[in-house]
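FYI, it's all coordinate maths here, none of it is from the lab. Since this is a predicted model, take the numbers as computed values, not measurements. For neighbour counting, all protein chains shown are included, and Cβ atoms are generated from backbone atoms with ideal geometry for every residue, glycine included.
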Amino acid sequence: MGTTRREFILSTTRAIGLAALGGLVWGAYVDEVTANKLMLRPPGALDEADFLRQCIKCGLCVEACPFDTLQLARAGSNKPLGTPYFEPRDVPCYMCPEIPCVPVCPTGALDITKVSTDNKLDINKAQMGVAVVDAKNCVAFWGIQCDACYRACPLLDKAIYLEYSKNERTGKHAFLKPIVDSDFCTGCGLCERACVTQKAAIFVLPREVALGKVGDHYIKGWDSSDDKRVKNAEATTTTTEISKESAIDSLNDTEVLLDD
């Protein structure tokens, strides 16, 4: 029996509707996959693009975490579905010496070598992110003597240290300003969790978001590794054309003056 015109229109409409729905679902998935610049990953995570390629969303790292720090991104969370992350204001990384979340990763998305020293696990090597201080809203920068983030830091006087300065307004008190050293900060978020302000005035961001990049144009003369880089660099010569006119002729060139 042949298909009637009405049946054909109905089946075509259904197909278009399903395609549109599929497009919406796929679009939502793409949005979630791409909206990950501010996500904090577990210790040992590869760079974000490599991590997303390697992670099979098995959840083993989440199960291994004894503090329920890690969670898997759910649909609608605006994060890549099924991938592990943590939010330190809620539950920070408690820097387990055994780092149980890393060895259980079956694909190397969490790379054990990134959190090891001399083939031994070393959580202090983790680079989950870096803490950033909002000086406008940190009460320590107002002159109130708060050192909550400093005391919470597992790498005391390394990842966070206090900078003392005179309070010129009162003339009596000192500022105790928390300063983050990105060379040591692991991004655990214990400082963010401890912050006393309503919305944390110290918070952890992914390193690629929080840190700048100098480039190869500037040299630290006191850094031996930079000295080696300079010695190994190819010499470049810059030539600037010098006018052959005399200084007086140049000054008397009215056409140039009028053009300017």
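Placing a label point 7 Å from the Cα of Lys199 along the Cα-to-Cβ direction, the residues of region 56-96 whose backbone N falls under 17 Å from that point are 88-90. For the residue pairs Lys136/Lys220; Lys177/Lys213; Lys57/Lys114; Lys37/Lys125; Lys114/Lys158; Lys114/Lys166, the C-alpha atoms sit more than 29 angstrom apart in Lys136/Lys220; Lys114/Lys166.
Where does the charge balance sit around Cys93 when Lys and Arg score +1, Asp and Glu -1, over other residues with C-beta under 12 Å from its C-beta? Show your work: numbers first, answer last.
Details: positive: Arg41, Arg193; negative: Asp68, Glu87, Asp90, Glu192.
Residues close to Cys93 contribute a combined charge of -2.
Rounded to 0.05, the FRET efficiency of the Ser116 and Ser225 pair, given R0 = 25 Å and the Cβ-Cβ distance, is 0.70.
What FRET efficiency would be calculated for the residue pair Asp216, Val91, taking the C-beta separation as r and a Förster radius of 35 Å, to the nearest 0.05? Spell out each step's value before the answer.
On the way: r = 40 Å, r/R0 = 1.14.
For R0 = 35 Å, the calculated efficiency reads 0.30.
Charged neighbours of Ala135, selected by a Cβ distance under 13 Å, balance to 0 (K, R count +1; D, E count -1).
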